[in-house]
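The values are calculated or read from the model by the stated rules, or taken from the named source; none is laboratory data. Computed from a predicted structure; not experimentally measured. Neighbour counts are summed over all protein chains in view; Cβ atoms, including those assigned to glycine, are modelled from backbone coordinates with ideal geometry. For the accessible areas, the whole protein counts, side chains as well, though only heavy atoms, and no ligand, DNA or RNA atoms are used. Shrake-Rupley method; radii C 1.70, N 1.55, O 1.52, S 1.80 Å.
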Amino acid sequence: ACPATCGTCPACEGDCCDSGSWSRRADKPSWNCQFVAENKNGKRCGKLDDDGLPASAACPATCGTCPACEGDCCDSGSWSRRADKPSWNCQFVAENKNGKRCGKLDDDGLPASAACPATCG
């Protein structure tokens, strides 16, 4: 069956699309981005999957967490400061208004300023 015909295409906001494969629990494949979208108060966006990936990262169009862009300059959608803290991403860097998080390094030594150029300038 065609995903467009069946209404199962992932939600998109421009080039930023929700994952078509993410599910909060492996034994509950229906707990996917569409399930997250059905909750209008956004509380499901903070839920983690079995690997610790939050819905907000897997379902950015639904949760309003698409990477920031200025022209062709976009923040990374996959960078996080620590592998065990996927929510410490470019959006997390942007929440710090004084810019101090832009100098923080990820586990591989990549600074937030390089991974989040739209946020860090």
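Quick check on Pro29: is it out of contact with any Phe, Trp or Tyr (no Cβ under 8 Å at 6 or more places or on another chain) and open to solvent by less than 70 Å² (accessible area, probe 1.4 Å)? First the steps, then the outcome.
On the way: out of contact with any Phe, Trp or Tyr (no Cβ under 8 Å at 6 or more places or on another chain): yes; open to solvent by less than 70 Å² (accessible area, probe 1.4 Å): no.
For Pro29, the condition - out of contact with any Phe, Trp or Tyr (no Cβ under 8 Å at 6 or more places or on another chain) and open to solvent by less than 70 Å² (accessible area, probe 1.4 Å) - is not met.
Filter region 81-95 for residues that are surrounded by fewer than 18 Cβ atoms within 10 Å (Cβ to Cβ) and either in contact (Cβ under 8 Å) with a residue 24 or more places away in the chain or farther than 18 Å from Glu70 by Cβ (or both) and give the result.
Kept after step one, since they are surrounded by fewer than 18 Cβ atoms within 10 Å (Cβ to Cβ), are these residues of region 81-95: 82-85, 87, 95.
Residues satisfying the conditions are Arg82, Ala83, Asp84, Lys85, Ser87.
Condition check ((1) among the aliphatic types (A, V, I, L, M); (2) open to solvent by less than 50 Å² (accessible area, probe 1.4 Å)) across all residues:
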residue: Ala37; (1), (2): yes, yes
residue: Asp50; (1), (2): no, no
residue: Ala58; (1), (2): yes, yes
residue: Thr65; (1), (2): no, yes
residue: Asp72; (1), (2): no, no
